[in-house]
Amino acid sequence: MTVTWETAYTHVLITQPTLRVWYRRLPPYWKTLRLVWPCIAAEILASRLTFDVPEYVMSYVGVYKSAAYLGPNATGNALLFRKLTFTAIWLMAQAARLGLLVPVQIAKVRVQTSMLPDEEETIVPVDRAFGTAETENRNCYVPRGILATYSEPIGLRKAWTTYNRGEMKRILLMYGKFMLIELVMLCAFWPILGNNVWPNFWNPKGSF
């Protein structure tokens with residue numbers, strides 16, 4: 001049931017305000033489940049790979065074992081290697097989240113957007129097929145762009161191929177700007193709240 005709610009939530013975010021009752025905006029359940037569930041499964045898998053795998057790696061190299069070389073009691077060169085290990089794995093985890101988890105989340109939103117009914121007007125013009133509409137034998141037909149005839153909703157595999165390197169660059173820059181704004185806000189509250197203001201996301205050691 002939550003699959004349709006999440007899809008309806010995406011539709012609400014991208015469409016013009018309406019007086020329609022919320023439950024009338026829920027998309028067909030089975031159709032939504034067939035198209036969106038693979039996206040959710042891929043998102044869960046990507047999340048586990050980019051969050052849990054680094055944890056397993058840290059456990060494997062022994063950073064949690066008191067008797068291990070890189071354990072919590074490390075000193076001297078071992079302490080330096082411990083810090084470098086934390087930082088390196090943390091950086092790789094963040095890069096994996098941006099390179100894998102973010103594209104999966106984008107694909108899910110695009111699949112949900114492609115399911116938007118024809119009568120729903122978006123806030124800004126958008127090609128709901130994201131350039132994947134099939135060519136038809138009509139002189140007035142535009143196969144690509146915001147004027148393209150609406151086609152069947154796209155699935156995860158097709159959505160994954162709808163964005164190029166330039167679009168990913170803009171998306172990653174947007175994430176970078178958000179992180180910069182968050183950093184400025186955290187620094188502003190740092191003198192008041194101390195080190196407790198920093199979330200685990202910003203702390204290599206606290207992330208694992």
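The values are calculated or read from the model by the stated rules, or taken from the named source; none is laboratory data. Values in this document were obtained by computation on a predicted structure and should not be read as measured data. Cβ atoms come from the backbone with ideal geometry, glycine included; neighbour counts cover every protein chain shown.
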Failed item, numbered, when Thr50 is tested on (1) assigned to a helix (DSSP H, G or I); (2) among the polar types (S, T, N, Q); (3) closer than 30 Å to Val126 by Cα:
(3)
Under 9 Å by Cβ, and 6 or more places apart or on different chains, what pairs join a residue from segment 189-206 that is more than 21 Å from Lys83 (Cα to Cα) with one that is surrounded by 13 or more Cβ atoms within 10 Å (Cβ to Cβ) and at pLDDT below 75?
Phe189/Val197; Trp190/Val197; Trp190/Trp198
Kindly indicate whether any position in segment 66-77 is modelled with pLDDT under 85, over 20 Å from Lys158 (Cα atoms) and part of a helix (DSSP H, G or I).
no
Of the residues that make up segment 18-27, is at least one among the charged types (D, E, K, R), closer than 25 Å to Thr122 by Cβ, crowded, with 16+ Cβ neighbours inside 10 Å and touching a helix residue (DSSP H, G or I) at 6+ places or on another chain (Cβ under 8 Å)?
yes
Considering only residues that are surrounded by fewer than 14 Cβ atoms within 10 Å (Cβ to Cβ) and farther than 15 Å from Ala159 by Cα, which ones fall in segment 32-47?
Ile44, Leu45
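Among the candidates Leu186, Leu180, Leu100, which residue alone is in a helix (DSSP H, G or I), modelled with pLDDT of 80 or more and either under 22 Å from Leu49 (Cβ atoms) or in contact with a Ser or Thr (Cβ under 8 Å, 6 or more places away or on another chain) (or both)? Steps first, answer last, please.
Numbers: Leu186 fails: either under 22 Å from Leu49 (Cβ atoms) or in contact with a Ser or Thr (Cβ under 8 Å, 6 or more places away or on another chain) (or both); Leu180 fails: either under 22 Å from Leu49 (Cβ atoms) or in contact with a Ser or Thr (Cβ under 8 Å, 6 or more places away or on another chain) (or both).
After ruling out the rest, the residue left standing is Leu100.
Have a look at Met168, Met174 and point out the one that is closer than 30 Å to Val3 by Cβ, at pLDDT 85 or above and under 20 Å from the mean Cα position of the chain (by Cα). Reasoning before the result, please.
On the way: Met168 fails: at pLDDT 85 or above.
So the residue among Met168, Met174 that is closer than 30 Å to Val3 by Cβ, at pLDDT 85 or above and under 20 Å from the mean Cα position of the chain (by Cα) is Met174.
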Pairs under 6 Å by beta carbon, first residue within 15 Å of Glu6 (Cβ to Cβ) and free of Cβ contacts under 8 Å to residues at least 24 places away in the same chain in segment 18-38, partner surrounded by 10 or more Cβ atoms within 10 Å (Cβ to Cβ) and among the aliphatic types (A, V, I, L, M), six or more apart or different chains?
Arg25/Ala8; Leu26/Ala8
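Can you find a residue in segment 58-65 that is of a type outside the set (D, E, K, R), closer than 26 Å to Arg165 by Cβ and free of Cβ contacts under 8 Å to residues at least 60 places away in the same chain?
To start, the set of residues in segment 58-65 that are of a type outside the set (D, E, K, R) comprises 58-64.
Going one step further and asking which of them are closer than 26 Å to Arg165 by Cβ, we end up with none.
No - not one qualifying residue is present in segment 58-65.
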Could you tell me which numbered condition Gly145 fails, if it satisfies all but one of (1) on the phi > 0 side of the Ramachandran plot; (2) at pLDDT 75 or above; (3) among the small types (Gly, Ala, Ser)?
(2)
